[in-house]
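Visitor: My questions all concern the structure below.
The values are calculated or read from the model by the stated rules, or taken from the named source; none is laboratory data. This structure is a prediction, so every number in the text was calculated from the model and none was measured. Here the Cβ positions follow ideal geometry from the backbone for every residue, glycine too, while neighbour counts run over all protein chains shown.
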Amino acid sequence: MSALDIIGVRKRYGTVDTLKGIDLSLDSGEFLVLLGPSGCGKSTLLNIIAGLAEPTGGDVRIDDRSVVGVHPKDRDIAMVFQSYALYPNMSVERNIGFGLEMRKVPAAERAEAVKTAAKILQIENLLERRPSELSGGQRQRVAIGRALVRNPQVFLFDEPLSNLDAKLRMEMRTELKRLHQMLGTTVVYVTHDQIEAMTLATRIAVMRNGQIEQLATPAEIYERPTTLYVAGFVGSPSMNMLDAHIADGVARIDSSDVVIPLPYETSAKGRPDQKLVLGIRPESLRLASDGEAPAFEANVEVVELTGPELVISATVGQQRITASLSPKSDIQAGTRRRFALDADALHIFDKETEKRL
Amino acid sequence: MERRSLTATIFIHAFALLLAAVIVAPVIWLFVMSISSTADLTAKPLHWWPETVDLSRYTRLLTAVANTEGAAFVAALFNSLRVAGMATIAALLVAIPSAWAVSRTPTVGWSLYAVIATYMLPPVALAVPLYMALAALGLLNTVYGLALVYLTILAPFTTWLLKSGFDSIPREIESAAMMDGARLDQILRLITLPLAAPVMATAALFAFLLAWDEFFYALLFTSDLRAKTLTVAIADLAGGRVSDYGLIATAGVLAALPPVLIGLFMQRALISGLTQGGVKG
Ligand SMILES: Nc1ncnc2c1ncn2[C@@H]1O[C@H](COP(=O)(O)OP(=O)(O)OP(=O)(O)O)[C@@H](O)[C@H]1O
Ligand SMILES: [Mg+2]
């Protein structure tokens, strides 16, 4: 059963098209992450779902009921804001219970619900405090608690972790995942952090300039990005993009004599001299053993040990390439080495359309 | 700066003291005058501190016996309280909704600037139209008429002050309350107004002071005990054939008391910091 449908939603601000036709359909219990750079319209879309903004065109359906024009409080949704938006003049307890208070839930029942939510979030000992007396992580929990007690059909999160430091962020990420597994509520979650997206989502919508570039599971986004943009956005270090062209049924990397064999269907469809971009994830490269193919030579320029991996910066012809190897690899800067890759680790894009071939 | 030379420290303290003296000296002199006998005030050379403390002027001014300076002064005191109080309350009642509306709807912000622009006119330019309007309404020489005139001065000013106060309250907090199911009046009553309390108190205090100290319109639009305010009454004291400077000083001290008391009373509300902690760290 679909819990949330977004059908051809558009939004204009003045003369600017902020959303240019968004289509999404979420099953009950899904965790959808809207991933994209700043200004691509993620918050706008979330606000439209929440009812804080109205779409210029299209339809939003929650539980198969159109909610366009419906007041936010009647949409059966709860939202966690990026800035937390707690009520500074109220205790944590009242903050969490405010939604129930406004809906005239009896005090005893309310107190019970607040207690349950506080227990889940481990903030039972903070209920008497004011928001100003809490740390960032605790405020975040209160904000989540406020959404939690309402037991809504859909949870909306707008970059809830972006104000936290790296360590706390990781903890809260795990916590959110645990919470979702426990409650099974449908979630729409906005972030521009690809790690958050990969770890939390059941599906990711990668957005760009008010459009969805790809909507797929995290694994698929990582393994089969459909456009150059998605390929470059997901993964760290980001995917190597080598300019190449088709020559005699193989791909020749520009400004070098390196050739890489293409899968049959690509070379059959490709025009001679067609411009390509070869995407190779840094982690799918390895040092080649003798005679291994496909492989290519590169000048190793910088070797950096990050801890779990050894990040190599090298050049192939005039183009830069990054490889992330096992930390025990025997490799020095200033040498020329051969790197191998698996044929199925090659992502081939058309340079003009930027689409996967 | 952590490390400072001794001379610099002395220098800074000396100047701080000097500044304080310059600010406080007139007030102290006013008070000393009010408790000095006429002989002390007219003595040559001047006595900086009176030989005998003379409180008779305070009793003279605060008497209710009819047809005395005291009766006129007390009537003016109450007139001032009523005019300034009414004008302040009315100004806040007008300013709170309009400031909130302008703060939350940037597209109508120009209207506030249009109103503020009328503020630039000198009072004398408006004196005649206002006089005629009050005359037509039969409100000349009444506290209500004067309060109405003051409202036109106070409302733009308080609206503008409150708008910047509302601007500093994140809209997301109101959005959150909206999603929590609060009606507009609940959002304002339970969240926005409590958060804006410090700036509302500041606006009220300044509005009250502005109305309390106003002289020009009060002089034009009032003529006797029924509506004359303190500023006019004090001017009357100074305008007699023989001016008792001590009496004027006493009236000055008494006139300063109500705003000071109100300021002290509102001090708690003026302390801001209530808005912190709702958003971000
Ligand atoms: N109320 C508004 N009026 C005019 N333009 C707006 C308004 N709200 C958003 N926009 C524009 O719409 C675009 C998308 O904004 P949005 O807030 O959705 O971005 P975002 O993807 O959430 O970015 P971020 O990651 O920075 O939060 C921006 O270019 C912004 O300038
Ligand atoms: Mg945003």
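Visitor: Tell me, yes or no, whether the stretch A:39-46 has at least one residue that is within 16 Å of ligand 2 (Cβ to nearest atom), touching a helix residue (DSSP H, G or I) at 6+ places or on another chain (Cβ under 7 Å) and under 27 Å from B:Ile169 (Cα atoms). Spell out the reasoning first.
Guide: Taking the stretch A:39-46 first, the residues within 16 Å of ligand 2 (Cβ to nearest atom) are A:39-46.
Right, trim to touching a helix residue (DSSP H, G or I) at 6+ places or on another chain (Cβ under 7 Å) and you get none.
Looking for residues that are within 16 Å of ligand 2 (Cβ to nearest atom), touching a helix residue (DSSP H, G or I) at 6+ places or on another chain (Cβ under 7 Å) and under 27 Å from B:Ile169 (Cα atoms), one finds none in the stretch A:39-46, hence no.
Visitor: Evaluate the following for B:Met179: is it within 14 Å of another protein chain (Cβ to nearest Cβ) and touching a strand residue (DSSP E or B) at 6+ places or on another chain (Cβ under 8 Å)?
Guide: yes
Visitor: Is it the case, given these coordinates, that B:Thr63 is touching an Asp or Glu at 6+ places or on another chain (Cβ under 9 Å), outside the structural domain of B:Tyr150 (by TED's automatic domain parsing) and more than 16 Å from B:Ala233 (Cα to Cα)?
Guide: When the stated conditions are applied, B:Thr63 does not pass them.
Visitor: B:Gln186 fails exactly one of the following numbered conditions: (1) assigned to a helix (DSSP H, G or I); (2) at pLDDT 90 or above; (3) surrounded by 21 or more Cβ atoms within 10 Å (Cβ to Cβ). What is the number of that condition?
Guide: (3)
Visitor: Another question about this same structure. Could you give every pair whose Cβ atoms fall below 7 Å, whose first residue belongs to the stretch B:73-92 and is closer than 17 Å to B:Thr250 by Cα, and whose second residue is outside any helix (DSSP H, G or I) and among the basic types (Lys, Arg), counting only separations of at least 6 or pairs across chains?
Guide: Listed pairs, sorted by first residue: B:Ala76/B:Lys228.
Visitor: Quick one: which residue in B:Thr88, B:Thr118 is under 30 Å from B:Pro170 (Cβ atoms) and in the same structural domain as B:Arg226 (by TED's automatic domain parsing)?
Guide: None of the others qualify; the one that does is B:Thr88.
Visitor: Return the residue satisfying two criteria in turn: it lies in the stretch A:9-37 and is small (Gly, Ala, Ser) and more than 8 Å from ligand 1 (Cβ to nearest atom), and of such residues it is farthest from the other protein chains (Cβ to nearest Cβ).
Guide: Residue satisfying both the conditions and the ranking: A:Gly21.
Visitor: Taking strands (runs of 3 or more DSSP E) that fall entirely within the stretch A:1-113, which contain at least 1 residues that are in contact with a His (Cβ under 6 Å, 6 or more places away or on another chain) and over 25 Å from B:Leu188 (Cα atoms)?
Guide: Qualifying strands (runs of 3 or more DSSP E): A:31-35.
Visitor: Hey, another quick one. From the list A:Gly334, A:Gly279, which one is over 17 Å from A:Leu228 (Cα atoms) and of a type in the set (Gly, Ala, Ser)?
Guide: Details: A:Gly279 fails: over 17 Å from A:Leu228 (Cα atoms).
None of the other options fit; the residue is A:Gly334.
Visitor: Suppose we filter A:Val142, A:Val188 for residues that are within 16 Å of ligand 1 (Cβ to nearest atom) and surrounded by 17 or more Cβ atoms within 10 Å (Cβ to Cβ); which single one remains?
Guide: On the way: A:Val142 fails: within 16 Å of ligand 1 (Cβ to nearest atom).
Of A:Val142, A:Val188, the one residue that is within 16 Å of ligand 1 (Cβ to nearest atom) and surrounded by 17 or more Cβ atoms within 10 Å (Cβ to Cβ) is A:Val188.
Visitor: Could you please tell me which pairs satisfy a Cβ distance under 7 Å, a separation of 6+ or placement on different chains, a first residue in the stretch A:44-65 that is at negative phi, and a second residue that is in a helix (DSSP H, G or I) and away from ligand 2 (no atom under 16 Å from the Cβ)?
Guide: These pairs meet every condition: A:Ala50/A:Pro72; A:Ala50/B:Met179; A:Leu52/A:Pro72.
Visitor: For residues that are within 14 Å of another protein chain (Cβ to nearest Cβ), out of contact with any Phe, Trp or Tyr (no Cβ under 6 Å at 6 or more places or on another chain) and not in a loop (DSSP other than H, G, I, E, B), scanning just the stretch A:152-187, find the one that is nearest to ligand 2 (Cβ to nearest atom).
Guide: Only one residue tops the list, namely A:Leu156.
Visitor: Which residue is farthest from the other protein chains (Cβ to nearest Cβ), if the candidates are limited to the stretch A:80-138 and must be free of Cβ contacts under 8 Å to residues at least 40 places away in the same chain and among the hydroxyl-bearing types (Ser, Thr, Tyr)?
Guide: Among residues in the stretch A:80-138 that are free of Cβ contacts under 8 Å to residues at least 40 places away in the same chain and among the hydroxyl-bearing types (Ser, Thr, Tyr), the one farthest from the other protein chains (Cβ to nearest Cβ) is A:Thr116.
Visitor: Then there is this: Any idea how many residues of the stretch A:68-79 are more than 21 Å from A:Gly137 (Cβ to Cβ) and either more than 7 Å from chain B (Cβ to nearest Cβ) or among the aliphatic types (A, V, I, L, M) (or both)?
Guide: Residues flagged as more than 21 Å from A:Gly137 (Cβ to Cβ) and either more than 7 Å from chain B (Cβ to nearest Cβ) or among the aliphatic types (A, V, I, L, M) (or both) within the stretch A:68-79 amount to 8.
Visitor: Please determine, by comparing only the residues of the stretch B:229-281 that are within 14 Å of chain A (Cβ to nearest Cβ) and surrounded by fewer than 18 Cβ atoms within 10 Å (Cβ to Cβ), which one is modelled with the highest pLDDT.
Guide: B:Ala269
Visitor: Return the residues of the stretch A:64-123 that are farther than 27 Å from A:Thr44 by Cα and within 16 Å of ligand 1 (Cβ to nearest atom); say none if nothing qualifies.
Guide: Across the stretch A:64-123, there are no qualifying residues.
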